[in-house]
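The values are calculated or read from the model by the stated rules, or taken from the named source; none is laboratory data. What you see is a predicted model; the values in this text were computed from it and never measured. Please note: Cβ atoms are built from the backbone with ideal geometry, for glycine as well, and neighbour counts cover all protein chains shown. Surface accessibility is based on the protein's heavy atoms, side chains included, excluding ligands, DNA and RNA. Shrake-Rupley method; radii C 1.70, N 1.55, O 1.52, S 1.80 Å.
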Amino acid sequence: MERVYLDNNATTKVDPAVENLMAPYFGAQYGNPNSLHKFGTETHPAILDAFDKLYAGVGARNEDDIIITSCATESNNWVLKSMYFDAYLKRGKNHIITTEVEHPAVQATCEFLESVGMEVTYLPINAQGTISADQVKEAITDATALVSVMWANNETGLIFPIEQIGEVCKQKGVLFHTDAVQAIGKIPVNVQKAHVDFLSFSAHKFHGPKGIGGLYIRSGVELTPLLHGGEHMRGRRSGTLNVPYIVGMGEAMRLAQEHLDYEEKVVGDLRNRLEDALLSIRDVFVIGDRTYRVPNTTLVSVRGIEGEAMLWDLNRANIAASTGSACASEDLEANPVMVAIGADKELAHTAIRFSLSRFNKAEEIDYTIEAFGKAVKRLRNISSAYGF
């Protein structure tokens with residue numbers, strides 16, 4: 001087997017159909033869409049078509065906004081930091097509720113906001129790796145400006161009860177933001193059903209290009225711009241529109257919705273095939289009930305083997321996996337999700353994440369199962385932490 005890529009929660013390959021649709025806008029139709037001449041205006045139909053696909057992909061209404069950003073990290077930062085201006089300075093509401101297992105783009109931003117006077121409640125996850133709507137309800141106070149909870153966890157793949165949390169926020173009159181990066185393209189996402197006010201996404205997580213994302217904003221919701229300097233995006237985000245990437249993200253979103261059934265059935269079956277084989281090995285554990293996970297993700301722990309050591313062996317076999325979030329890959333501390341669910345210190349250093357896509361094949365999974373088994377045997381034979 002030449003190479004096997006099972007790190008799709010970090011990034012995905014660009015779908016060839018997406019790449020082909022983008023190509024003309026790098027050369028033949030390169031105009032600035034804000035220009036009044038034909039070079040600019042001839043890009044408008046493709047941009048409008050892309051926006052139609054994005055709106056349909058998340059269930060947005062015509063009166064709502066989807067603003068193009070550089071990525072979900074920017075989108076998350078925008079929503080959270082705007083709470084300082086829109087809620088704290090204007091209305092005295094200085095409280096944000098989130099979870100202990102959010103992506104670093106949310107956690108680090110919340111920590112920054114605490115340094116300037118905001119208060120943040122970090123809800124602990126339960127033994128199943130999620131939180132409940134009741135936890136959110138109990139945490140809301142008169143000072144709460146925003147609840148920010150991811151739709152699906154980037155490491156475990158576990159799905160959070162977004163619709164129930166959205167209903168609580170609606171009843172309490174509190175704004176609700178969700179980082180949907182790991183949900184789009186894997187499970188149905190609908191902002192109306194979930195009563196979401198803000199939703200962040202990145203194209204490269206669903207087979208679009210890197211360096212572009214979006215932020216859904218419900219109609220009528222105030223949000224101070226993060227970037228100033230022009231009237232682009234109706235004045236909500238300045239900067240010349242990246243036409244080829246917008247076109248690519250729109251098509252990637254359309255294809256992601258088209259493949260949802262395939263994702264559930266075919267990708268899910270491949271994930272289960274891998275997972276079942278790994279679980280047949282002694283002292284191997286998977287985090288989270290697969291019933292409540294996105295269909296592509298497995299976070300597995302192997303007692304007695306450091307995650308980085310397992311990655312080394314897999315990499316030598318030309319298999320790409322990870323120990324968790326790529327945005328924290330230089331941090332060799334224990335896996336934070338493992339710690340949050342109460343795993344013992346030794347086991348919390350053993351997590352390996354496999355994340356599949358619609359481009360993976362059965363023979364790649366079989367090869368990975370064989371290579372993983374060989375790695376477990378080799379590494380346990382030299383492990384001082386594993387007793388036989």
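List, please: which pairs have Cβ atoms under 9 Å, are six or more places apart or on different chains, and start with a residue in the stretch 127-145 that is touching a residue at least 60 places away in the same chain (Cβ under 8 Å) and within 15 Å of A87 (Cα to Cα) and end with one that is open to solvent by less than 100 Å² (accessible area, probe 1.4 Å) and part of a loop (DSSP other than H, G, I, E, B)?
A145/K93; A145/N94; A145/M118; A145/V174
Just checking, does the stretch 183-199 include any residue being under 22 Å from E63 (Cβ atoms), charged (D, E, K, R) and surrounded by 19 or more Cβ atoms within 10 Å (Cβ to Cβ)?
There is at least one residue in the stretch 183-199 that is under 22 Å from E63 (Cβ atoms), charged (D, E, K, R) and surrounded by 19 or more Cβ atoms within 10 Å (Cβ to Cβ).
May I ask you to list the residues in the stretch 147-174 that are on the phi > 0 side of the Ramachandran plot and either hydroxyl-bearing (S, T, Y) or out of contact with any strand residue (DSSP E or B) (no Cβ under 9 Å at 6 or more places or on another chain) (or both)?
Matches in the stretch 147-174: G173 only.
Among (1) assigned to a loop (DSSP other than H, G, I, E, B); (2) of a type in the set (A, V, I, L, M); (3) in contact with a helix residue (DSSP H, G or I) (Cβ under 6 Å, 6 or more places away or on another chain), there is one condition L36 misses while meeting the rest; what is its number?
Condition (3) is where L36 drops out.
Given the structure, is N76 touching a His at 6+ places or on another chain (Cβ under 8 Å) and touching a residue at least 60 places away in the same chain (Cβ under 8 Å)?
yes
Since R3 meets every condition but one in (1) among the basic types (K, R); (2) in contact with a helix residue (DSSP H, G or I) (Cβ under 6 Å, 6 or more places away or on another chain); (3) open to solvent by 60 Å² or more (accessible area, probe 1.4 Å), which condition does it not meet?
With (1) among the basic types (K, R); (2) in contact with a helix residue (DSSP H, G or I) (Cβ under 6 Å, 6 or more places away or on another chain); (3) open to solvent by 60 Å² or more (accessible area, probe 1.4 Å) applied to R3, the lone miss is (2).
Inspect all residues belonging to the stretch 253-272 and state whether any of them is in contact (Cβ under 8 Å) with a residue 60 or more places away in the chain, within 30 Å of P161 (Cβ to Cβ), open to solvent by 20 Å² or more (accessible area, probe 1.4 Å) and small (G, A, S).
Within the stretch 253-272, none of the residues are in contact (Cβ under 8 Å) with a residue 60 or more places away in the chain, within 30 Å of P161 (Cβ to Cβ), open to solvent by 20 Å² or more (accessible area, probe 1.4 Å) and small (G, A, S).
Of the numbered conditions (1) more than 28 Å from T297 (Cα to Cα); (2) surrounded by 24 or more Cβ atoms within 10 Å (Cβ to Cβ); (3) not β-branched (V, I, T), G230 satisfies every one except a single condition; which is it?
Unmet for G230, out of (1) more than 28 Å from T297 (Cα to Cα); (2) surrounded by 24 or more Cβ atoms within 10 Å (Cβ to Cβ); (3) not β-branched (V, I, T): (2).
Being part of a loop (DSSP other than H, G, I, E, B) and either buried (at least 16 other Cβ atoms within 10 Å of the Cβ) or in contact (Cβ under 8 Å) with a residue 12 or more places away in the chain (or both) is the filter here, so list the residues in the stretch 8-29 that pass it.
N8, N9, A10, T11, T12, K13, V14, D15, Q29
Being crowded, with 21+ Cβ neighbours inside 10 Å and not aromatic (F, W, Y) narrows it down to one residue among S280, S322, S238; which is it?
S322 is the lone residue from the list that is crowded, with 21+ Cβ neighbours inside 10 Å and not aromatic (F, W, Y).
Got a sec? Which helices (runs of 4 or more DSSP H) wholly within the stretch 280-388 have at least 1 residues that are at pLDDT 90 or above and aliphatic (A, V, I, L, M)? Please lay out each step first, then the result.
Values: elements: 307-316, 336-340, 362-381.
Passing ranges, in order: 307-316, 362-381.
Could you figure out which of (1) part of a loop (DSSP other than H, G, I, E, B); (2) among the polar types (S, T, N, Q); (3) over 25 Å from S70 (Cα atoms) isn't true of T224?
Unmet for T224, out of (1) part of a loop (DSSP other than H, G, I, E, B); (2) among the polar types (S, T, N, Q); (3) over 25 Å from S70 (Cα atoms): (3).
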